[in-house]
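See below for the structure under consideration.
The values are calculated or read from the model by the stated rules, or taken from the named source; none is laboratory data. Just so it is clear, the model here is predicted, and its values are computed rather than measured. Positions of Cβ are backbone-derived with ideal geometry, glycine not excepted, and every protein chain shown enters the neighbour counts.
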Amino acid sequence: ISNICDNECSYCGFKHSNPIKRRHLTLEEIEKEAIFISETLGIHSIILLTGESSINSIEYLKNSIKILKKYFSTVIIEVQPLSQEEYNILYEVGLDGVTVYQECYHKETYSKYHLKGNKTDYSYRLETPKRAALANLRSINIGTLFGLGNPVEEAFLAGMHLKYLINNFLGSQFSISLPRIKEAYRNIKPENIVNDKEFVQFILAYRLAFPMVGINISTREGQNFRDNLLPLGVTKYSAGSVTEVGGYSLSNNSEPQFETDDHRSVQEIVSMLKTKGYQPIFKDWEGSL
C-alpha cells in the first residue's frame, strides 16, 4: 500500500535513493484493492506491505487493517518494526500476524547492506517477533534473505531464532520463509548464490527440526520448482502476487519491490494443488471461534 521508504537497503527496489515513482494509497484506494482481491481472486488471507517510513503511522496502519478485516479472515502486516504497544493497538482492531525478515543474521554483514534509516538497528529488528508475540499476535513469520550472508550460517541462525521463539511464546504460531534475492530496480546482485539443491536441503532441515512449523514459499520462486517442493512439507503458497503499490485494481505505474517468477493466477495454483492430490485451504482461522 506504500513504497515510500526511509531506509537504504542495497538489495531492495524501494530503497530511499532510488528515483522511482512513490505511491502511498489512501484508505479509499486500499478498500478498492481489498474488494478486487477478495471478489476476483477469492483470497481470505492477505499481507499488507509498506516501505519502512514514518508516513506509515500507527493510525494509518490501524485504519488500513480495519478496512481489510471487512474482506479477509486473516490480515498480516509486513511493515517497519513496531513497539509492543503499537502491536497491541493493531491487535485490538483485528491484526492476526506479522511477517518480519531479519534479512541477515550475521551482524557485521547486516551493517554492510543496511546503510541508512531505522533498519540499521540490528537488535531492534531481531527482537521484533518477540514484541509481536508479547502482543498476542497469532501468526508470526520470520526468515533470512538468502544471498546476503553465508547461506548455511544464515539458515542455521534463522533456525535457532525460530527455536527460541517456539520455546518461549506458546501462544503464537510460527512459520519460516526462505526468500532468495530477486532482480529489483538498481539493486545489488547476490554475493552468496543459493542453488536449488541447497534450498531444498534447508527446507528439509527445517521440516525435520520443526515438524509443526509452517513453511512458506513465495512467488519469488519459479513455477516448476514450486510445484516440486510440495511433497517436502511446504504449508503455504502465495498466489496471484503483485509487488507494485496498487497493482491489483489501480493503475500499474510504480516500480515493483522485486520481480516475481510464478505468475499463475490463484485458480491455476488451486488446480495444480488438486491435481497433485492436495487440498487448497483459503481460510484456516475465524476470530469469532
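Brief remarks on what is shown
- The condition of being touching a Phe, Trp or Tyr at 6+ places or on another chain (Cβ under 6 Å) and among the acidic types (Asp, Glu) does not hold for Glu29.
- Leading residue by the ranking (surrounded by the fewest Cβ atoms within 10 Å (Cβ to Cβ)) among those in segment 1-48 that are over 26 Å from Thr74 (Cα atoms) and of a type in the set (A, V, I, L, M, F, W, C): Ile20
- Residue match in segment 237-260 (condition: closer than 22 Å to Tyr206 by Cβ and either modelled with pLDDT of 90 or more or among the charged types (D, E, K, R) (or both)): no
- Of all residues in segment 85-127, exactly one satisfies the criterion of being of a type in the set (Val, Ile, Thr), surrounded by fewer than 17 Cβ atoms within 10 Å (Cβ to Cβ) and either in contact (Cβ under 8 Å) with a residue 40 or more places away in the chain or touching a strand residue (DSSP E or B) at 6+ places or on another chain (Cβ under 8 Å) (or both), namely Thr120.
- Qualifying residue in segment 77-96 (condition: among the hydroxyl-bearing types (Ser, Thr, Tyr), outside any helix (DSSP H, G or I) and in contact with a helix residue (DSSP H, G or I) (Cβ under 8 Å, 6 or more places away or on another chain)): yes
- Considering residues of segment 187-222 that are among the aliphatic types (A, V, I, L, M) and in contact with a strand residue (DSSP E or B) (Cβ under 9 Å, 6 or more places away or on another chain) only, the residue surrounded by the fewest Cβ atoms within 10 Å (Cβ to Cβ): Met212
- Condition met for Lys116 (among the basic types (Lys, Arg) and modelled with pLDDT of 95 or more): no
- For segment 29-41, the criterion of being assigned to a helix (DSSP H, G or I), out of contact with any strand residue (DSSP E or B) (no Cβ under 6 Å at 6 or more places or on another chain), hydrophobic (A, V, I, L, M, F, W, C) and at pLDDT below 90 is met by at least one residue.
- Residue pairs whose Cβ atoms lie under 7 Å apart, sitting 6 or more positions apart in sequence or on different chains, and linking a residue in segment 235-255 that is farther than 16 Å from Leu49 by Cα and crowded, with 17+ Cβ neighbours inside 10 Å to a partner that is of a type in the set (Val, Ile, Thr) and at pLDDT 80 or above, are Tyr237/Ile217; Tyr237/Ile269.
- Residue-level check: of (1) aromatic (Phe, Trp, Tyr); (2) modelled with pLDDT of 95 or more; (3) closer than 20 Å to Gly13 by Cα, Phe199 misses just (3).
- Some residue of segment 3-21 being over 24 Å from Glu183 (Cβ atoms) and among the hydroxyl-bearing types (Ser, Thr, Tyr): no
- The residues on offer are Leu134, Leu165, and the sole one that is in contact with a helix residue (DSSP H, G or I) (Cβ under 8 Å, 6 or more places away or on another chain) and surrounded by fewer than 17 Cβ atoms within 10 Å (Cβ to Cβ) is Leu134.
- Residue within segment 72-83 that is within 20 Å of Gln102 (Cβ to Cβ), surrounded by fewer than 17 Cβ atoms within 10 Å (Cβ to Cβ) and out of contact with any Ser or Thr (no Cβ under 8 Å at 6 or more places or on another chain) present: yes
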